[in-house]
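Working notes for the structure below.
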Amino acid sequence: MADKKKKKEVITATGRRKEAVARVRIILQGQGKIVVNGKDFENYFDTVDYRMQVKKPLIVTDLEKNINVFANVNGGGLGGQAGAVSLGIARCLLTMDPQLRSILKKDHLLTRDPRAKERKKYGRKGARRKFQWTKR
């Protein structure tokens, strides 16, 4: 009886950006639904830029109508979370079809953005800001 049911193939991957970590699952036989932390991604990411960043790997590979995406993200802000989900989706797509590597790589979707907050140094007010100099 289990053989008669169509088994939906699920692929998982992890994406990171700044302090955000995204655990992404894609389901291959889908309708193009994207869910982030239990909410529709349109409601979760409030700006158009973040929404486009999340959808970019699907748009570039022409798979946005065929795949469902479920992501759990924690840490960081919305910008970092959008980048983490995007990287997670790209890695899932690469696992699904290794021939997509050149398409994803051309748009820099497989590279983890290494930029992060610089640490505070001793003798400074922040990472680079110095204390105010007083003459007397």
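Going residue by residue through segment 56-71, is there one that turns out to be at pLDDT below 95, within 18 Å of ASN37 (Cα to Cα) and not in a strand (DSSP E or B)? The answer is yes; a qualifying residue exists. Entry remark, segment 45-61: residues being crowded, with 16+ Cβ neighbours inside 10 Å and not aromatic (Phe, Trp, Tyr) number 9 in total.
The residues in segment 98-123 that are in a loop (DSSP other than H, G, I, E, B), under 16 Å from LEU58 (Cβ atoms) and touching a residue at least 12 places away in the same chain (Cβ under 8 Å) can be counted, and the count is 3.
Checking GLU64, GLU42 one by one, the residue that is acidic (Asp, Glu) and loosely packed, with under 14 Cβ neighbours inside 10 Å is GLU42 and no other. Has segment 26-40 got any residue that is touching a residue at least 24 places away in the same chain (Cβ under 8 Å) and among the acidic types (Asp, Glu)? No, there is no match, as no residue in segment 26-40 is touching a residue at least 24 places away in the same chain (Cβ under 8 Å) and among the acidic types (Asp, Glu). Against the test of being surrounded by fewer than 16 Cβ atoms within 10 Å (Cβ to Cβ) and farther than 25 Å from LYS106 by Cα, the options GLY32, GLY75 yield a single qualifying residue, GLY75.
The values are calculated or read from the model by the stated rules, or taken from the named source; none is laboratory data. Note that the structure is predicted; figures quoted are calculated from it, not measured. Don't worry about glycine lacking a Cβ; one is built from the backbone with ideal geometry, like all the others, and counts go over all protein chains shown.
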